[in-house]
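Have a look at the structure below, then the notes.
The values are calculated or read from the model by the stated rules, or taken from the named source; none is laboratory data. All of these numbers come straight from a predicted model, not from anything done at the bench. Positions of Cβ are backbone-derived with ideal geometry, glycine not excepted, and every protein chain shown enters the neighbour counts. Please note that ligands, DNA and RNA were not included when accessible areas were found on the heavy atoms of the full protein model with its side chains. Shrake-Rupley method; radii C 1.70, N 1.55, O 1.52, S 1.80 Å.
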Amino acid sequence: VDAFQAWCGPCKTAVDLFQKIRNEVGSDLLHFAVAEVDSIDALEGYRGQCQPVFLFYAEGELVAVVRGVNAPLLQKTILEQL
């Protein structure tokens with residue numbers, strides 16, 4: 001989940017990376033979503049940050065968090081979690 005604030009919008013540069021990995025591993029294993037933290041109370045802890053935050057969930061549980069657009073770290077985290 002790309003957790004973003006309305007004033008900065010979702011991270012468009014990460015979308016290409018997620019699509020590339022999704023094509024490589026199969027669409028059933030990886031799902032990508034965006035969430036505006038200003039309108040979701042459960043994500044209130046991510047408000048007030050000026051960098052993107054990527055939340056990784058497996059079976060409904062938060063399993064990893066990556067702060068900032070670090071493509072190698074995002075790719076490594078995705079592959080580790082799969």
Exercise. Is there any pair linking a residue in the range 29-47 that is in contact (Cβ under 8 Å) with a residue 24 or more places away in the chain to one that is of a type in the set (Phe, Trp, Tyr) and surrounded by 12 or more Cβ atoms within 10 Å (Cβ to Cβ), with Cβ under 6 Å and at least six apart or on different chains, and which?
Worked result: PHE32/PHE18; VAL37/TYR46
Seminar exercise, completed: By residue number, the members of the range 20-58 that are under 17 Å from GLU80 (Cα atoms) and open to solvent by 30 Å² or more (accessible area, probe 1.4 Å) are LYS20, ARG22, ASN23, GLU24, VAL25, SER27, ASP28, LEU29, HIS31, PHE32, TYR57, ALA58
Seminar exercise, completed: Within the range 1-19, the count of residues that are part of a loop (DSSP other than H, G, I, E, B) and within 20 Å of GLN81 (Cα to Cα) comes to 1
Exercise. Assuming ASP28 fulfils every condition listed in (1) part of a loop (DSSP other than H, G, I, E, B); (2) closer than 20 Å to LEU73 by Cα; (3) over 15 Å from the mean Cα position of the chain (by Cα); (4) of a type outside the set (Ser, Thr, Tyr) apart from one, which condition is it?
Worked result: (2)
Seminar exercise, completed: Taking the range 31-82 and the residues there that are within 17 Å of CYS8 (Cα to Cα) and among the hydroxyl-bearing types (Ser, Thr, Tyr), the one that is nearest to the chain's Cα centre (by Cα) would be TYR46
